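Below: the structure, in structure tokens.
The values are calculated or read from the model by the stated rules, or taken from the named source; none is laboratory data. Remember, it's a predicted structure, so these values are computed and weren't measured experimentally. Glycine also receives a Cβ, built like all others from the backbone with ideal geometry; neighbour counts cover every protein chain displayed.
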Amino acid sequence: MTAPNAFRTSMEIVSQPAVWKRAGESLPAHSQVLPRRGERVAVIGCGTSWFMALAYAELRERGGHGETDAFAASAFPFGRAYDRVLGISRSGTTTEVLDALARVKGVTPTSAITADPATPIIRAADSVAVLDFADEESVVQTRFATTVLALLRAHLESEGVLPEGVRSLAQAVQDAEAAVSMPLDADVCDAEQFTFLGTGWTYGLALEAALKMREAAGSWTEAYPAMEYRHGPISITGPGRVAWVLGSVPQGLADDVARVGGTLVARSAGVAGQIDPLADLIRAQRLAVLCAESRGYNPDRPRNLTRSVVLEDSHA
């Protein structure tokens, strides 16, 4: 089998600390594109981009920057009033994002974040931040999505307010540098099932971690808000199965996982010795590649997926 580090996806995963740092340094060039403090904002995307939108919306609103909603672009509530709609699309060609931006353009100010300046989203939005340094060759998104969130976190930080308990981008970069080489326990790598859990902004990260495991490795993977775990999802946990918490672990949850024989992973619980949840997502990305390799899959060529979803005859 191919060594994990030989995969293009792996190379992009380990590049994230440097790329996040560059995103923070690029903030002055993009700040006018990003939501202003006090604006009522809707953030849209598809798949991974939607999950980053969910994380950002929670961070922005909880930090007191303004009411912020996140939607899958196909489910955007047209007719609802916003001061700005922000679209996220790595390829700049995602049909649902382009359609939503087109429908609100001229009525609501629109912004976008993309990796490619030579795509339709440049014309679809009023202003665009191009993170071409974070672009990827891989079908499975890793560094572009996390770099978008790093840029958005840096922007919130530059406005003087981060939600309580959220680390600075500089600290997240340091944690990411550790996460790219941090050992993954054998009982985690060999697990047959994974449940990712998050609270607040980290719920979006949990959804993304689960998606990476499904996309790259075809793994049986689920994701839930952490407090919902005991309302049904715990029934699937047992020996050989993992509950991975990104962010704080609700009181009593560790005991519940132990009681049913599951393995708890909680390296980003917000206490000394733990890492930023966004850095912990890197560990989940690395796990997805390892699981893919162990099953004989090539994470650079995931089954049934293309780099961008472009729909024909869309009337969204």
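Taken together, the residues in the range 182-203 that are in a loop (DSSP other than H, G, I, E, B) and not polar (S, T, N, Q) amount to 9.
Within the range 121-155, the residues that satisfy the criterion of being hydrophobic (A, V, I, L, M, F, W, C) and either at pLDDT below 95 or in contact with a Lys or Arg (Cβ under 6 Å, 6 or more places away or on another chain) (or both) are 133, 134, 139, 140, 144.
In summary, residue 243 fulfils each of the numbered conditions (1) over 26 Å from residue 17 (Cβ atoms); (2) in a helix (DSSP H, G or I) with the single exception of condition (2). Against the test of being outside the structural domain of residue 200 (by TED's automatic domain parsing), free of Cβ contacts under 8 Å to residues at least 12 places away in the same chain and under 22 Å from residue 158 (Cα atoms), the options 67, 61, 39 yield a single qualifying residue, 61.
Out of 210, 272, 223, 206, one residue alone is modelled with pLDDT under 85 and either in a loop (DSSP other than H, G, I, E, B) or surrounded by 20 or more Cβ atoms within 10 Å (Cβ to Cβ) (or both). It is 272. Within the range 83-103, the set of residues being in contact (Cβ under 8 Å) with a residue 24 or more places away in the chain and surrounded by fewer than 21 Cβ atoms within 10 Å (Cβ to Cβ) comprises 83, 93, 95, 99, 103.
Among the residues of the range 1-38, just one is of a type in the set (Asp, Glu) and buried (at least 18 other Cβ atoms within 10 Å of the Cβ), namely 12. Within the range 276-297, if we keep just the residues that are touching a helix residue (DSSP H, G or I) at 6+ places or on another chain (Cβ under 7 Å) and part of a loop (DSSP other than H, G, I, E, B), the residue that is modelled with the highest pLDDT turns out to be 276. The residues of the range 229-240 that are outside any loop (DSSP other than H, G, I, E, B) and more than 22 Å from residue 55 (Cα to Cα), listed by number, are 234, 235, 236.
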